[in-house]
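Read through the structure below, which is laid out as structure tokens, and then see the notes.
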Amino acid sequence: MIEMKNVSKWYGTFQVLKNCTTRVDKGEVVVVCGPSGSGKSTLIKTVNALEPFQQGEITVEGISVGAPATDLPKLRSRIGMVFQNFELFPHMKVVDNINLAQIKVLNRPADAAREKSMALLKRVGLDAHADKHPGQLSGGQQQRVAIARALAMDPIAMLFDEPTSALDPEMINEVLDVMTELAKEGMTMMVVTHEMGFASRVAHRVVFMDAGEIVEDAKKEDFFGKPRSERAQHFLSKILHH
Amino acid sequence: MDFSFLSLPAFSGGGIYLDWVISGIKWTLLVSSLAWIIAFTVGSVLGVLRTAPVAWLRVPATIYVEIFRNVPVLVQMFIWYFVAPEIVPQVAGDWLKTKMPMPEFWNAVLCLGFYTASRVAEQVRSGIQSMPKGQTNAGLAMGLTLPQTYRYVLLPMAYRIVIPPMTTEFLSIFKNSSIALTIGVLELTAQARQISEYTFRTFEIFTIATIVYALITLTITFSMRWLENKTRVPGYIGGAGK
């Protein structure tokens, strides 16, 4: 469903992505991990063209992301994205956050959008908070709203960019639970995260990045069993300590 | 202090000196209000353009701002009134010099409006730029176009954030309107000067002018504070930060 071929990206002369090649098949959950500054977030943002890239090709269901003729808003509306800092719109009520793109992008009638939003809020356990503003919710609750907001567009795939990194520890699980459930339902997911427990339970494949390169791209069992690269072993030994 | 001169018959116009004061207040309010409508509209457009991702929109807006905010407003007043009719095509120049209704008034409105627009533009730009990049990304990622992202995501928060500095600009336009007297608009300061020349009650009439200006600006200050409270986002704690 998502295919990346030899993707390279530079900021000025600094190369942040080096010849990255990977794929996410329909119904697959791929976890992208690696040390800070390894290019994970940049990589995931190239999938829906929030970050442009200079070389290589990315296709989503056969549609080229980098081609100038591609209708980007349309392409993006089919891919859900969840951000590290939630990025709910603070001036809108929770339910209006979820309604917005349904109405403005998909042209759903307002009452149909609201019905959908309320159903999704119920699903993430927050229907009682529909009329609050994001600032009145905890971080974990905000991130669950953000997931509901992305799901409201009936996406064909979901991108998660460090969805739990900005959360207090006690709120991480409530978000991971929602993501785990999504994965079980067969949602195609690309997840940048440091949560190795989540990766080992939910992921089908793990992509390990370092210094802009995809160092390892392996089945979950292989990655956690016997990572081939020294860098991945080193990373895992540091992160799996506790 | 003796304010009895206010009820004396005025030197010209058939009324009493109080009528001159009232007429001055009327022109001050008219010049300032109309100029503010121009300033807010033009300034908002320029402020948005200043943040545009493409240079051909950004550069002209930047040039405008740098010219209009770096030339003293008094000089601009003279340029609009004395210079502009000489440098535009002759047909237009003749119209400006002989046929334009209330030329002093309209030139003052345009001058103050376009000058203050450059300052409003900077406030709007700073408001937009104070929003985290993630907000734009979140808007785009759900399939909104960039103009839609401005309309529904960035501007509603940006305007809220800049209400305090915008209040300052709104006050400035009322105070700067006194400069219109240099091209012959009989606004409050001009009337005060005129009355002082005819009655020698300089101290009294400028006390009145001072109080009137203070009342106008205090009214604005309190209205803007009301607006700020009215539009406050529940649970949102200042500075967009991050």
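The values are calculated or read from the model by the stated rules, or taken from the named source; none is laboratory data. If you're wondering where the values come from, they're calculated on a predicted model, not measured in any experiment. Glycine gets a Cβ as well: all are built from the backbone with ideal geometry, and neighbour counts include every protein chain shown. In case anyone asks, the SASA skips ligands and DNA or RNA and just uses the protein heavy atoms, side chains included. Shrake-Rupley method; radii C 1.70, N 1.55, O 1.52, S 1.80 Å.
Determine, from the Cβ-Cβ distance of A:E185 and B:L30 and an R0 of 51 Å, the FRET efficiency 1/(1 + (r/R0)^6), rounded to the nearest 0.05.
On the way: r = 64 Å, r/R0 = 1.26.
So, using R0 = 51 Å, E works out to roughly 0.20.
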Next item on the list: Ignoring everything but the protein chains, give the 1.4 Å probe accessible area of B:L215 in square angstrom, nearest 10.
Entry: 100
Notebook entry, point to check: Per the Kirkwood treatment, what hydrodynamic radius in Å, one decimal, follows for chain A from the mean inverse distance over all distinct Cα pairs?
Noted result: 18.4
Next item on the list: Report the local net charge at A:S229: Lys and Arg +1, Asp and Glu -1, summed over other residues whose C-beta lies under 11 Å from its C-beta.
Entry: -2
Next item on the list: Sticking to Cα atoms, compute the Rg of the range A:145-240 to one decimal and its Dmax as the biggest Cα-Cα distance, whole number, in Å.
Entry: 14.1, 41
Checklist line | With DNA, RNA and ligands ignored, accessible area of A:D111 (1.4 Å probe; Å², nearest 10) | finding: 110
Next item on the list: With runs of 4+ DSSP H residues as the only contributors, calculate the mean residue ellipticity of chain B at 222 nm using -39,500 (n - 2.57) per run, divided by the residue total and rounded to the nearest 500.
Entry: -22000 deg cm²/dmol
Check: Between A:R78 and A:D127, how many nm apart are label points set 7 Å from Cα along the C-beta direction?
Finding: 3.1
Notebook entry, point to check: Got a sec? What order do A:M118, B:M77 fall in by accessible area at 1.4 Å, biggest, i.e. largest, first?
Noted result: A:M118, B:M77
Check: Going out from 0 in 20 Å bins, what whole percent of all Cα-Cα distances in the protein assembly as shown drops into each bin?
Finding: 20, 40, 24, 14, 3, 0
Item checked: Loss of accessible area when B meets A, both sides summed, Å² nearest 100, probe 1.4 Å -> 2000
Check: Gap in Å between the Cα centre of the range A:100-116 and the Cα centre of the range B:101-117?
Finding: 45
Notebook entry, point to check: Counting only the heavy atoms of the protein chains, how much of A:E221 is accessible to a 1.4 Å probe, in Å² to the nearest 10?
Noted result: 120
Notebook entry, point to check: In Å², what does the accessible area per residue of the range A:84-242 work out to with a 1.4 Å probe?
Noted result: 43
Check: Ignoring ligands, DNA and RNA, what accessible area per residue does chain B give at 1.4 Å, in Å²?
Finding: 50
Next item on the list: With the full set of protein chains in place, find how many percent of the accessible area of the range B:97-242 is carbon and sulfur; take the probe as 1.4 Å.
Entry: 64
Next item on the list: Could you tell me how many degrees, from 0 to 90 and to the nearest 10, lie between the Cα long axis of helix B:55-70 and the main elongation axis, the longest principal axis, of the Cα atoms of chain B?
Entry: 30
Check: By how many nm would the segment from A:D111 to A:Y11 grow when fully extended, if each residue of separation counts as 0.36 nm and the alpha-carbon distance is taken off?
Finding: 31.6 nm
Checklist line | Label-point gap, in nm, between A:E57 and B:I16 - each point 7 angstrom along Cα→Cβ | finding: 8.9
Checklist line | Cα-based radius of gyration of the range B:118-189 once divided by 2.2 N^0.38 Å, which approximates compact folds | finding: 1.57
Notebook entry, point to check: Hey, can you list the residues from the range B:218-238 whose accessible area shrinks by 20 Å² or more with all protein chains present, relative to the chain by itself (probe 1.4 Å, no ligands or nucleic acids)?
Noted result: B:V233, B:P234, B:G235, B:Y236
Check: Ignoring ligands, DNA and RNA, what percent of the 1.4 Å accessible area of chain A is carbon and sulfur?
Finding: 48
Check: If you rank A:E3, A:E170 by how much accessible surface each has, with a 1.4 Å probe, what is the order from largest down?
Finding: A:E170, A:E3
Checklist line | Shielding by other protein chains, B:130-139, mean Cβ within 10 Å | finding: 5
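Could you tell me how many cubic angstrom of Cα convex hull volume chain B has per residue?
160
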Checklist line | Ranked order, B:W95, B:W226, B:W56, B:W27 - accessible area, probe 1.4 Å, largest first | finding: B:W56, B:W226, B:W95, B:W27
Next item on the list: With everything on Cα atoms, drop me the angle between helix A:230-239 and the longest principal axis of chain A, reported from 0 to 90° to the nearest 10.
Entry: 50
Note to self: Please check the range A:50-98 for residues whose accessible area, probe 1.4 Å, is lower by 30 Å² or more when all protein chains are in place than in their chain alone.
What the structure shows: A:L50, A:P73, A:R76, A:F83, A:N85, A:E87, A:F89, A:P90, A:H91
Notebook entry, point to check: Which one of B:A141, B:A52, B:A61 has the biggest mean-square fluctuation once chain B is modelled by GNM with Cα springs under 10 Å?
Noted result: B:A141
Notebook entry, point to check: So how far apart, in nm, are the two label points at A:Q136 and A:K238 if each is 7 Å from Cα heading toward Cβ?
Noted result: 4.3
Item checked: Part-to-part distance (alpha-carbon centres) for the range A:1-74 and the range A:147-209, which is given in Å -> 18
Next item on the list: Quantify how strongly other chains surround peptide A:147-154 by giving the mean number of their Cβ atoms within 10 Å of each of its Cβ atoms.
Entry: 1
Item checked: Packing-based order for B:196-209, B:157-170, using average beta carbon neighbours within 10 Å, highest first -> B:157-170, B:196-209
